[in-house]
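Each reported figure results from applying straightforward, stated rules to the coordinates on display, with no laboratory input. Nothing here was measured: the structure is a model prediction, and the numbers come from that model. Please note: Cβ atoms are built from the backbone with ideal geometry, for glycine as well, and neighbour counts cover all protein chains shown.
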Amino acid sequence: MTLLLASASPARRRLLEQACIPHQVQVSGVDESLINDPDPLELVQQLARTKAGAVAKQINPLQWPDFGVLGCDSLLVFEGEVFGKPADADEAITRWLRMAGQWGELHTGHALMKDPKNRANDCCCVVTTRVAFADLSEAEIRAYVSSGEPLQCAGGFALEGRGGMYVERLDGCYSNVIGLSLPLLRRWLGGQY
């Protein structure tokens, strides 16, 4: 009994490992820059569906994973602006100077394709967690960005890494901020793992 994760994210893999959910990984190879939508909730859901769909097309239906194919994508919305991964250190610093002492919303789109022959059984959902960022000095921001961690993550921070020191509070699902809502996945899998 396994789940196929359509994601290159090591953080999502760690979440599944820590929750003891048997899984394998197959990276989708989707070019995210080709997918656009002005609504951040629609965008993140479309990205998740596209990733799951790209991997699902590569699987022989006779070898379909028991739990299905899971695609996820995350982004941060701050003051109405979508923040994916920063393009470079300067962009990460500029964002953090704006976010320090403020709240943002981390959205993760989830798409679970359960049956290769019946798309009606697919599950799709966006989970949102509000994130309160610490009121940081410019020196603290520059030190964090120089670690390289913010350049690898949606919103420019990793809650499970050094970035956890710079998040004061969460309102919503903790694991969602890391990239995958484990409570949502538990409901979808119906406790079968």
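Provide T128, T94 in ascending order of the number of other Cβ atoms located within 10 Å of each residue's Cβ, fewest first.
Values: T128 17, T94 14.
Ranking T128, T94 by Cβ neighbours within 10 Å, fewest first, gives T94, T128.
Can you list residues whose amide H is under 5 Å from S28's amide H, if they're 5+ apart or on another chain and H is modeled 1.01 Å from N?
For S28, the qualifying residues are S7, A8.
Give me I141, I59 sorted ascending by neighbouring Cβ count inside 10 Å, so fewest comes first. List each step's numbers first, then the result.
On the way: I141 21, I59 15.
Fewest to most other Cβ atoms nearby, the residues stand as I59, I141.
Residue separation times 0.36 nm, minus the C-alpha to C-alpha distance between D171 and W103: what's the value?
That pair, D171 and W103, stretches by 23.5 nm at full extension.
Sticking with the crude label model, points 7 Å out along Cα→Cβ, report the distance from Q152 to C124 in nm, one decimal please.
Between Q152 and C124, the simple spin-label model gives 3.1 nm.
Report, in deg cm²/dmol and to the nearest 500, the calculated mean residue ellipticity at 222 nm for the chain, where each DSSP H run with n ≥ 4 adds -39500 (n - 2.57) and the sum is divided by the residue count.
Mean residue ellipticity at 222 nm (helix-derived): -9000 deg cm²/dmol.
Could you give me the ³J(HN,Hα) list for region 92-100, computed from phi with Karplus coefficients 6.51, -1.76, 1.60 and θ = phi - 60°, whole Hz, x at Gly and Pro?
After applying 6.51 cos²θ - 1.76 cosθ + 1.60, I find 4, 5, 4, 4, 5, 4, 6, 6, 3 Hz.
Below 12 angstrom from the Cβ of R12, what's the summed charge of the other residues (Lys, Arg +1; Asp, Glu -1)?
Net local charge, R12 excluded: 0.
Long-range amide H contacts for V167: which residues qualify at under 5 Å (H placed 1.01 Å from N, peptide plane, sequence gap of 5 or more or a different chain)?
Sorted by chain and number, the residues that satisfy this are A134.
³J(HN,Hα) across region 115-124 via Karplus (A = 6.51, B = -1.76, C = 1.60, θ = phi - 60°), whole Hz, x for Gly/Pro?
Per-residue couplings from phi come out as 9, x, 9, 9, 5, 5, 8, 5, 10, 9 Hz.
Karplus couplings for region 64-75 from phi (6.51 cos²θ - 1.76 cosθ + 1.60, θ = phi - 60°), rounded to Hz, Gly and Pro as x?
4, x, 3, 8, x, 10, 10, x, 9, 8, 10, 8
Can you tell me the dipole magnitude for region 1-73 around its Cα centre, using point charges on the Cβ only (Lys, Arg +1; Asp, Glu -1), in Debye to the nearest 20? Write down the numbers at each step before the final one.
On the way: 6 positive and 8 negative charges, 63 e Å.
With Lys and Arg at +1 and Asp and Glu at -1, about 300 debye.
Quote the charge dipole size of region 3-189 about the Cα centre in Debye, to the nearest 20; the model charges only the Cβ of Lys and Arg (+1) and of Asp and Glu (-1).
I would put it at about 820 debye.
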